[in-house]
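Trainee: This structure is in structure tokens; I'll ask about it shortly.
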Amino acid sequence: QVQLVESGGGLVQAGGSLKLSCAASGRTFTFSTVAMGWFRQAPGKEREFVAAIDWRGTTKYYADSVKGRFTISRDNAKNTVYLQMNSLKPEDTAVYYCAADRTPQWRGVIMDSWGQGTQVTVSS
């Protein structure tokens, strides 16, 4: 099982930037061997995929809505995955969650462990 703790959210004006972090831990969990992803959930909407990164940090995936504005990265020495968000828009407002895949490459086969998320609010 994996424990995920997201941080770095806040209130920012449109056009601004934020960097989210997600620290992963677990007695039998090896961060450096699995892909990681970010999701978000806006009020009244379903949780949606934002970005993902493979175990080495070499292959990255992005939702069309964030491509060119968000960058996912990871530090395997710190068991942490990041999401740099630039040129933020009001429609980016949501609770952001990270997730661990069960495989080294992103397959979307997510471990059934979610953190508390971190709120991102973008004002117009």
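The values are calculated or read from the model by the stated rules, or taken from the named source; none is laboratory data. Everything quoted here is computed from the prediction, not taken from an experiment. Cβ atoms come from the backbone with ideal geometry, glycine included; neighbour counts cover every protein chain shown. What goes into the accessible areas is simple: the full protein's heavy atoms, side chains included, and nothing from ligands, DNA or RNA. Shrake-Rupley method; radii C 1.70, N 1.55, O 1.52, S 1.80 Å.
Trainee: By the scheme Lys and Arg +1, Asp and Glu -1, what is the net charge of all other residues having a beta-carbon under 14 Å from that of MET111?
Mentor: Every neighbour counted, the sum reads +1.
Trainee: For LYS60, which aspartates and glutamates qualify as cross-link partners when the Cα separation must be under 18 Å and same-chain residues fewer than eight apart are set aside?
Mentor: Answer for LYS60, where 18 Å is the Cα cut-off: GLU48, ASP75, ASP101, listed by chain and number.
Trainee: Oh, and also: How much accessible area per residue does region 63-113 have, in Å², with a 1.4 Å probe?
Mentor: 47
Trainee: Another question about this same structure. How charged is the neighbourhood of GLN41? Take every other residue with its Cβ under 9 Å from the Cβ of GLN41, and add Lys/Arg as +1 and Asp/Glu as -1.
Mentor: Value of the local net charge: +1.
Trainee: I would also like to ask the following. Taking a cut-off of 15 Å, what percent of all Cα-Cα pairs in region 45-124 are separated by more than that?
Mentor: Cα-Cα pairs in region 45-124 separated by more than 15 Å: 60 percent.
Trainee: Still on this structure, please answer the following. Could you check how much of the accessible area of the chain is carbon and sulfur, as a whole percent, using a 1.4 Å probe?
Mentor: 48
Trainee: If you put +1 on each Lys and Arg Cβ and -1 on each Asp and Glu Cβ, how big is the dipole of the chain around its Cα centre, in Debye rounded to 20?
Mentor: 220
Trainee: Here's something else I'd like to know. So for the chain, averaging the separation of alpha carbon pairs under 8 Å that are six or more residues apart and normalising by length, what relative contact order in percent results? Could you put the intermediate results ahead of the total?
Mentor: Values: 317 pairs, mean separation 44.8, N = 124.
Reported as a whole number, the value is 36 percent.
Trainee: Viscosity 0.890 mPa s, temperature 25 °C: Stokes-Einstein D of region 1-85 from its Kirkwood Cα radius, in µm² per second?
Mentor: 180
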